[in-house]
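Chemist: This is the structure, below, for whatever I ask next.
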Amino acid sequence: MEIIRIFVVVNRSLLSVQFYGEAEDAFTVLFEQWSDVEYLEDFFENNKADLQSGFFGEISVEEAVRVTIDEAERLEEYVRRLARASKASRREPQLDFVFKDLKANDPSFQLVKSKAYGVSKPSWLRIYAIRIAENLYVVSGGAIKLTKTMNDRQHLRDELEKLECVKQYLINNGLISEADYQCFELGRYDER
Amino acid sequence: MTKDEILDRLQEVVAEEPIQWIERADYRADNKKWLKRSQAVALLVLRTLREKGITQKDLALLMEVSPQQVNKWMKGKENFTFDTIARLEEALGVEIMTIVQVGQPLAKNWVELPYLVRQQPGPVRVNRRGTVKSKSIVMGASITKEMSFSTQSIHSKVG
């Protein structure tokens, strides 16, 4: 797994990597998938047991597809607003309120790996990123998370690998240093 | 390292061209209304194919189009023509689109709701509040009798 390019999603706040072999960057890919009915129907059909395990209540594949599309739309609109606002002014979006620690209490995680939740709770949409400075994140990927932990399913373990790859890339390019290695607590998601 | 120093370093590795996402996101937002309908059609067709055990390739043969064309439709990003809808209906033996006439009652197996409870993404959504289980219906939605068994209790609980 290799990173070939980085794109700006929101000025001075949000970036997204493109992996070798991928036609597009991770952030673009995510929202393409989350608006692709065939992809979603197939995903929920293949993960029907997790979907209907009761964690999210009674929900059919059809309903899950519709909920995901609507949720992704709201999340996308939120980031669009941030992107537009960041172009219009130098004021930085407060992404620290959107991203939450993946493993805040795990000392083995020197860099803080973070995830953004969908805009309504409970949500199964996740965007994974590494925080490299205050309100500055690099997106590695994302997922529909139907299980409690990331180690339970292969598509989530793949996301952990991508996070690790982004971390290495940032270190290799001198974009992060020891001083950036600090854990922090993030607030609950609050759309603003 | 300060944030500005990090941002300066990032300039060296960040692509000059804008991210593709922004153009796609603008398109999705500008075309949201018809895209919603396209997604609904794609979902209904996909579920029908699955239920009937028909592959997209079979459907392509039935409709005399390429498998790539069918696959493109199934993404829910196609601005379907009435002709395509009619041919899909014929090939699958299902009704995809119904135009409701003003002032005319809905088809006999549908239930018209006197008023609406709350906006939800799907036509019917099961809600849980503690031990109370209810359903809510999208504004303007028509639902089948099978889906509507608990509408009386919804109205009394929420409305």
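Every number here is computed from the coordinates shown, using simple stated rules; none is lab data. Treat the numbers as computed from the prediction; the structure is a model and nothing was measured. Note: ideal-geometry Cβ built from the backbone for every residue, glycine included; neighbour counts use all protein chains shown.
Chemist: Any idea what the alpha-carbon Rg over 2.2 N^0.38 Å comes to for the range B:17-92? Working shown, then result.
Modeler: Numbers: Rg = 14.1 Å, N = 76, 2.2 N^0.38 = 11.4 Å.
With N residues counted in the range B:17-92, Rg over 2.2 N^0.38 Å equals 1.23.
Chemist: Just to be sure I understand the model, the point goes 7 Å from the Cα along the line to the Cβ. What's the resulting residue B:66 to residue A:152 distance in nm?
Modeler: Here the answer is 4.2 nm between the modelled labels.
Chemist: Calculate how large, on average over all directions, the projected area of the Cα convex hull of the range B:50-93 is; give the answer in nm² to one decimal.
Modeler: That works out to 3.0 nm², a quarter of the Cα hull's surface.
Chemist: What ranking of B:27, A:20 emerges when the number of other C-beta atoms within 10 Å of each C-beta is taken as an exposure proxy, fewest first? If you can, show how the numbers build up before the last one.
Modeler: On the way: B:27 12, A:20 9.
Ascending Cβ contact count within 10 Å gives the list A:20, B:27.
Chemist: Per 0.36 nm of contour for each residue apart, how much would the distance between residue B:37 and residue B:97 grow if the chain were fully extended, relative to their Cα-Cα spacing?
Modeler: Numbers: separation 60, 0.36 × 60 = 21.60 nm, distance 0.99 nm.
Net length gain for the segment: 20.6 nm.
Chemist: Fewest first, what order do A:14, A:160, A:170 take by the number of other Cβ atoms within 10 Å?
Modeler: On the way: A:14 27, A:160 16, A:170 24.
So the residues, fewest neighbours to most, are A:160, A:170, A:14.
Chemist: Let me ask another. Which of the residue pairs B:32/B:75; A:162/B:77; B:36/B:72; A:48/B:72; A:87/A:167; A:48/B:75 have a Cα-Cα distance greater than 18 Å in the structure shown? Walk me through the numbers on the way to the answer.
Modeler: Numbers: B:32/B:75 14 Å; A:162/B:77 28 Å; B:36/B:72 16 Å; A:48/B:72 24 Å; A:87/A:167 27 Å; A:48/B:75 20 Å.
Pairs exceeding the cut-off: A:162/B:77; A:48/B:72; A:87/A:167; A:48/B:75.
Chemist: Just to verify a number: FRET efficiency for residue A:42 and residue B:23, C-beta to C-beta distance, R0 = 41 Å, to 0.05? Walk me through the numbers before you get to the answer.
Modeler: On the way: r = 26 Å, r/R0 = 0.63.
Working from the Cβ atoms, E equals 0.95.
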